[in-house]
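What follows is a set of notes on a single structure, which appears directly below.
The values are calculated or read from the model by the stated rules, or taken from the named source; none is laboratory data. Remember, predicted model here, so these are calculated numbers, not experimental data. So basically every Cβ, Gly included, is an ideal-geometry build from the backbone, and we count neighbours across all protein chains shown.
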Amino acid sequence: MDHARDASGVESAAKGAIDVDLVRAGTPGCAHRLHLNNAGAALLSQPTLDAMTGQLRLEAQLGGYEAEAAARGKIEDTYAALAELVGGRAEQIALFDNSTHAWNAACYSIPLRPGDRIITGNDEYGSSVLAYLQIARRTGAELVVIPNDATGQIDLDALRAEIDERTRIIGLTWVPTASGLVNPAAEVGAIARAADALYLLDATQVVGQFPIDVATIGCDLLNGTGRKFLRGPRGTGFLWVGDRALARLDPFVVEIRSATWDGARGFTFAPGARRFESWENSYVNIVGLGSAVRQALDLGLAAIGERSGRLGALLREQLDQVPGITTHDLGKRRCAIVTAAVDGHSPAEVAGRLAGDGINVSTTVAEHTPFDSEDRGVHPLVRLSPHYYNTEAEIDRTVAALAAIAAS
Ligand SMILES: Cc1ncc(COP(=O)(O)O)c(C=O)c1O
């Protein structure tokens, strides 16, 4: 364990700024690719890879259930680490196989009646928009979309003006999938508190990118994914459920993990957030997720946020100097996601040519942020998302590669 922690660069980094050489040495993918797709899925560290392969080996050697029992301490630590990551308690965490299912467990469990209002923002994730439309159709609730202000973040005055006694949910995406915007999550939290509405915050692109404190934000529910900036395995996600939400939500499904048969024709929900979980899980993934979260906590989210945000800003500033390239990130505050268009070249072509140079980026998809697509009409774009383990030299190399494409 100590050796593995050395290999990740965590111990030295915990003492101060991140030791980039050390974290890169503990990230096998850094030797093969220039990875700027951390908003898609970040590179696993060697300690996380070791934790997962160790658990898989244990399943093969002992049997799946027996390996789960042997890893009970590590599994419980995944809950504890996620709680620490968001500033909550372990019993307020539920584990899922992705962030969408975590968000669904929250949103579909909020009791709604005809005429109730669901208020949301302009940069919501495509799956959430579809879910809101279905929930509104099923329950007779009204969906209200708040526009962005002149800076490109959610318009707080417009939000205040739409709130009334019928408002049950305010749902906001903190950092959208298709731009570098950081929405003012805490300001929205203050508005939600004053209105006594539940506040569901989608932090999928935030977890592992910069610090989170649910008490400061004032949210009731927060969902995140493992594979993006947290550097966990694919197929992991979680929901944090605050006490107010736990008291108000009616879990939309029930099964043998989330509740127990009470011996008569009734059942009792599991205590805490685990009432939203399913019985079967990948414990290989859960152990891997715990390892990734511990690594982020040991490095320090403030240090991670400072470095990833700085690399994002550097990339954006340099791209803005290149003739034929336009960046499209809005908002007062921006993060490590950078979106850009290259004149005369489709985003798919640009991403393909960069991949040929060993540079991983992705492209935005209009349907993944439907309201933003209606509003701005700029998608698809090239999406570049550095993380703390990227280097300034990699940013320079990427800008040069993009400049060559723009000039071609
Ligand atoms: C803002 C946002 N919300 C939700 C999701 C869905 O996350 P998952 O794919 O883990 O379900 C994504 C995925 O890109 C996202 O960017």
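List of remarks:
- Hey, Val382 surrounded by 24 or more Cβ atoms within 10 Å (Cβ to Cβ) and in the same structural domain as Ile75 (by TED's automatic domain parsing) or not: no
- Checking the stated criteria, Tyr79 turns out to be in a helix (DSSP H, G or I), touching a strand residue (DSSP E or B) at 6+ places or on another chain (Cβ under 8 Å), away from the ligand (no atom under 14 Å from the Cβ) and aromatic (Phe, Trp, Tyr).
- Condition check for Phe229: away from the ligand (no atom under 14 Å from the Cβ) and either assigned to a loop (DSSP other than H, G, I, E, B) or charged (D, E, K, R) (or both): no
- Elements of type strands (runs of 3 or more DSSP E) in the range 88-154, at least 1 residues being surrounded by fewer than 17 Cβ atoms within 10 Å (Cβ to Cβ), at pLDDT 95 or above and in the same structural domain as Arg274 (by TED's automatic domain parsing): 142-145
- Residue under evaluation Gly237, criteria (1) crowded, with 23+ Cβ neighbours inside 10 Å; (2) within 11 Å of the ligand (Cβ to nearest atom); (3) more than 27 Å from Asp329 (Cα to Cα), criterion not met: (3)
- Residues in the range 34-56 that are more than 16 Å from the ligand (Cβ to nearest atom), in a strand (DSSP E or B) and of a type in the set (S, T, N, Q): there are none.
- When Asp202 is tested against the conditions (1) under 18 Å from Ala81 (Cα atoms); (2) within 12 Å of the ligand (Cβ to nearest atom); (3) buried (at least 24 other Cβ atoms within 10 Å of the Cβ), the lone failure is (1).
- Residue in the range 166-181 that is assigned to a loop (DSSP other than H, G, I, E, B), surrounded by 22 or more Cβ atoms within 10 Å (Cβ to Cβ) and away from the ligand (no atom under 16 Å from the Cβ) present: no
- Within the range 52-78, considering residues that are among the hydrophobic types (A, V, I, L, M, F, W, C) and under 22 Å from the mean Cα position of the chain (by Cα), the one surrounded by the most Cβ atoms within 10 Å (Cβ to Cβ): Met52
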